[in-house]
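Participant: Take a look at this one; I'll ask things after.
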Amino acid sequence: MTLGRFGFAVLALAASTVATATAPVLAADCGAEVAAAFEKQRKTPAFRMISDTKGDQGPVKMQVDYVPPDRMHQTVTHPSHPAPLETIAIGRWAWGTMGAGWEELQPQFAQSVTAFTKQTLVDPLPSDATFECLGKVTFEGKDYVGYRSKGGADAAAAGGASSLARTVYVDPANGLPMLNVVADVKPGAEPLFKGVFSYPADLKIEAPLGDPNPK
């Protein structure tokens, strides 16, 4: 696969896994608390997000490791591709592989990868994002402080067809985001997108073909 085709494939599959999760939300009153949680996340030494998305062709899984300020390693597993698609970005450089060896991405695709990283990990909330406070909530047997975008809840209350909402679950002990879930607000609905955050202390990201920006 050429670098150009690879670049488009990586970005298309990655975008498909987070498009729902990053859609603007509509109204509420606790957005500042959610923004503070993600700001605290950006100040950690490193973090990982593992997400599952229900795609048109089947489930899509993505793992993204991020080491501030500019190191990212993304792995996307998609039903239409036999091998995972991996991308590493460091500064303005990026590399990709589909299992047959790493290649440096052309500048235009490298720029798109770094912009995608910034949108989904560094600045994941729209500037007008607003949430309602849910208080103490339990999700999959664990306790969190929950925040939900109010647009989906309002639509459901009004009998609207679209009742999707994003819920951010924050660890009550350390104030860090732990889950980012997009689902119908109706009871028992399975998530369309579920991103789980963790904070490995020993996470490192190295360039696969010689590091142009050694750390």
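The values are calculated or read from the model by the stated rules, or taken from the named source; none is laboratory data. Note that this is a predicted model, so its numbers are computed, not measured. Every residue, glycine as well, gets a Cβ built from its backbone with ideal geometry; the counts of neighbours run over all protein chains shown. The area values use the complete protein model at the heavy-atom level, side chains included, leaving out ligands, DNA and RNA. Shrake-Rupley method; radii C 1.70, N 1.55, O 1.52, S 1.80 Å.
Table: residues versus (1) more than 22 Å from R48 (Cβ to Cβ); (2) open to solvent by less than 40 Å² (accessible area, probe 1.4 Å); (3) at pLDDT below 90.
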residue	(1), (2), (3)
F109	yes, yes, yes
Q119	no, no, yes
G135	yes, yes, no
K142	no, no, no
A153	yes, yes, yes
S198	no, no, no
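Participant: Oh, and also: Here are some conditions: (1) modelled with pLDDT of 90 or more; (2) closer than 15 Å to L125 by Cα. T22 meets all but one. Which one does it not meet?
Facilitator: All conditions pass for T22, except number (1).
Participant: Any idea which residue in segment 157-193 is nearest to the chain's Cα centre (by Cα), counting only those that are modelled with pLDDT of 95 or more and more than 12 Å from G146 (Cα to Cα)?
Facilitator: N174
Participant: Collect the residues in segment 54-102 that are in contact (Cβ under 8 Å) with a residue 60 or more places away in the chain, hydrophobic (A, V, I, L, M, F, W, C) and within 20 Å of D202 (Cα to Cα), keeping them in residue-number order.
Facilitator: V67, M72, I88, I90
Participant: In addition: Considering only segment 55-76, state which residues are closer than 22 Å to M178 by Cβ, open to solvent by 60 Å² or more (accessible area, probe 1.4 Å) and more than 14 Å from the chain's Cα centre (by Cα).
Facilitator: Passing the criteria: only P59.
Participant: Residue by residue through segment 121-133, note down the ones that are open to solvent by less than 30 Å² (accessible area, probe 1.4 Å) and modelled with pLDDT of 85 or more.
Facilitator: The answer is F131, and nothing else.
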